[in-house]
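Notes follow the structure.
The values are calculated or read from the model by the stated rules, or taken from the named source; none is laboratory data. Every value quoted in this text rests on a predicted model; they were computed, and no experiment measured them. Every residue, glycine as well, gets a Cβ built from its backbone with ideal geometry; the counts of neighbours run over all protein chains shown. Remember, those area values only see protein heavy atoms, side chains included, never the ligands or the DNA or RNA. Shrake-Rupley method; radii C 1.70, N 1.55, O 1.52, S 1.80 Å.
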Amino acid sequence: MQSTKERVVVSVGGSLIVPDGIDTDFLSRFKALVLEKVQRGFTFTIIAGGGKTARKYQEAANAVTPLSRHDVDWIGIHSTRLNAQLLRNIFVGYAHTQVIKNPTIDIEAEEPIIIAAGWQPGCSTDYVAVLMAKNLGARRLVNLSNIDYVYTADPKKNPDAKKIEKINWPEFRKLIPEEWDPGLSSPFDPIAAKEAESLSLEVAIMNGAKLEEFSNYLEGKPFVGTVIS
């Protein structure tokens, strides 16, 4: 039965799913929270990142044969699909039976949870998440990563970097590069940011290890994180 509440798109960074080994503690807590929200009427589209699985395979392949950017990208995409299959199995009974690999197709799903993964070279999972939001009419997207906030600069390199709690899309896009690269370290992919702005999509970026903040955001309560709108 379709929920009367909004569908929320959630992009789960690979660093949360596989920081080194697979983090079953995080996955257990994430499952419990998502299912609690499902009982309250929420529906979710969850996109899995690649994390260290992607980097390990990419580095191994490159060590044997120098790869094109296109081939490196495909390894990353398949690692997101492996992580997405893990999520789909974790949510068995609640999740759509297929992992969505193309965010532009018509999706017929009665289940409260849809799991998606990487699509094609040149497209980050951030971009897939935005396209899924566009496809399904979602107005909010949550990016769960390993940072508490977006900052004015890289806080590891600049001690004067200030945290940002709320920012609009034009100002946010000034903070990040214009082009996307598979190895780019950016709070949100520039191409995805441009598309999100055109959709007037609200994106919340927060630390996925602190799932109570994710819960607070969903419930409209104060939370630790950055809202871009």
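Only lysines eight or more places from Lys157 in sequence, or on another chain, were considered; those with a Cα closer than 29 Å are Lys52, Lys56, Lys166, Lys174, Lys194, Lys210. You can think of it this way: the chain between Lys210 and Val64 has 48.7 nm of extra reach, that is 0.36 nm per residue less the Cα-Cα gap.
Each of Gln120 and Thr97 was given a label point 7 Å from its Cα along the Cα-to-Cβ line. The distance between the two points is 2.7 nm. Amide hydrogen proximity for Val142: with H placed 1.01 Å from N in the peptide plane, the residues at 5 or more positions away or on another chain lying under 5 Å are Val9, Val10, Ser11, Ala204. Rounded to the nearest 500, the 222 nm mean residue ellipticity of the chain from helices alone is -12500 deg cm²/dmol, with -39,500 (n - 2.57) taken per DSSP H run of at least 4 residues.
Entry note, the chain: relative contact order of 22 percent, from Cα contacts under 8 Å with a spacing of 6+ residues.
A simple charge model with +1 on the Cβ of Lys and Arg, -1 on the Cβ of Asp and Glu and nothing else charged puts the dipole of segment 113-213 at about 160 debye relative to its Cα centre.
Between Ile107 and Leu175, the contour length at 0.36 nm per residue exceeds the Cα-Cα span by 21.1 nm. Can you find, among Ile46, Tyr57, Phe26, the residue sitting farthest towards the positive end of the charge dipole of segment 1-90, where Lys and Arg contribute +1 and Asp and Glu -1 at Cβ? Of the options given, the answer is Ile46. Solvent exposure of the chain amounts to 49 Å² per residue of accessible area, where only protein heavy atoms count and the probe is 1.4 Å.
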